Amino acid sequence: MFDRWASCEFSTDAGTRLASDRTSFYDPISYHQGSVWPLFTGWVSVAEYRTGHTLSAYDHLMQNANLTWSQDLGNVTELLSGQFFQPLGRSSAHQLWSSAMVISPVVRGLFGLTWDAQAGTLSVTPHLPADWQNASIRNVPFGNARLDLKFTRSASDLVVEAIHAPPAMRLASRAPGACVQAGTLHIPLPEVEIAIGHQLPAFGEETRQLKVLDQKMSAHRLELTLAGIGGVRYSLLLRENVANLKVHANGASIGDLNHGLRPVSVEFP
């Protein structure tokens, strides 16, 4: 089901349809039978982050985030056409549940925050995009206090620092191999990571962007299942978190290393 949600069967370049375009009752301007709701796009993103489909999750997250510039600035619309990038005429231009689904995937997915104030624990299991060197969150609530979180890539670790944290608060993580050293959380990074660019399509355009249907990480190997349009070349970025790797690709071409990132090109026949 996750493969299908990530594919163009459900996923347009501006969000996720409520229904598959392969059903007999599909209608791209129907309120419940084929339009795109940012609410559902956000739910899919959170679910993808929780199950390791992080590239598709970030794609769906950024579709919602970029909608804040597409109509009434700072607001996210209620629903869009399931076929073309176009908010529907009857759509509320400022829909609170759509705006909330920018925040929820960021907080609970991208940064992976989970609170347990009674136990004094803030769990942080982040999935930063491969082309992000650092990030920070300010004014994170914890009980009656507020703190800042700072994320920094350092060699093969992602380092998480809690600033202005209450003395009794402890950092934790569900990430394999994560440990706390002197109050700072260290999360091991995989040997390689992939980043995919994200932007909304031109107004009125149909689905054309690259889709990541599945991703699998194992020892010395990252396997992606991609979908795209025949005859189109797509660009990605590869980050190396370990020095002196001998990286090669099947089904793609890799360019020269530049500031820790390599361009990757995939062309569909």
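Here are the numbers for this structure:
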quantity	calculated
In the range 4-68, chymotrypsin sites (Phe, Trp or Tyr not before Pro) in a DSSP loop with at most 15 other beta-carbon atoms within 10 Å	F25, Y31
Those aspartates and glutamates that a straight Cα-Cα span of less than 14 Å connects to K216, excepting residues fewer than 8 apart in one chain	D3, E48, E191, E193
Whole-Å semi-axes of the range 81-158's equivalent ellipsoid (Cα gyration tensor)	31, 19, 10
Rg/Rh (Cα only; Kirkwood hydrodynamic radius) as it applies to the range 138-238	1.11
Mean projected area in nm² (Cα convex hull; one quarter of hull surface) for the range 200-249	5.0 nm²
Inter-part distance where the range 201-263 and the range 105-177 are each reduced to a Cα centre, Å	27 Å
Y234 long-range amide H proximity, modeled H, under 5 Å	V266, E267, F268
Most mobile of G74, G89, G231 in a GNM of the chain (Cα contacts under 10 Å)	G231
Within-13-Å neighbourhood charge of L55 [Cβ basis; K, R +1; D, E -1]	-4
Karplus (6.51, -1.76, 1.60) ³J(HN,Hα), θ = phi - 60°, over the range 182-197, in Hz, Gly and Pro reported as x	6, x, 10, 8, 10, 10, x, 9, x, 4, 9, 9, 10, 10, 10, x
Peptides ranked, highest mean first, by Cβ atoms within 10 Å: ranges 109-117, 242-250, 139-147	109-117, 139-147, 242-250
Reported label for calculated Rg and Dmax of the Cα atoms in Å given [x] 17.9, 58; [y] 19.6, 59; [z] 17.8, 51	[y]
Highest-MSF residue in the chain out of H53, H164, H32 [GNM, Cα springs under 10 Å]	H164
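Bear in mind that the values in this text are calculations on the coordinates, not laboratory data. From a predicted model like this one, the values you see are computed outputs, not experimental measurements. Every residue, glycine as well, gets a Cβ built from its backbone with ideal geometry; the counts of neighbours run over all protein chains shown.
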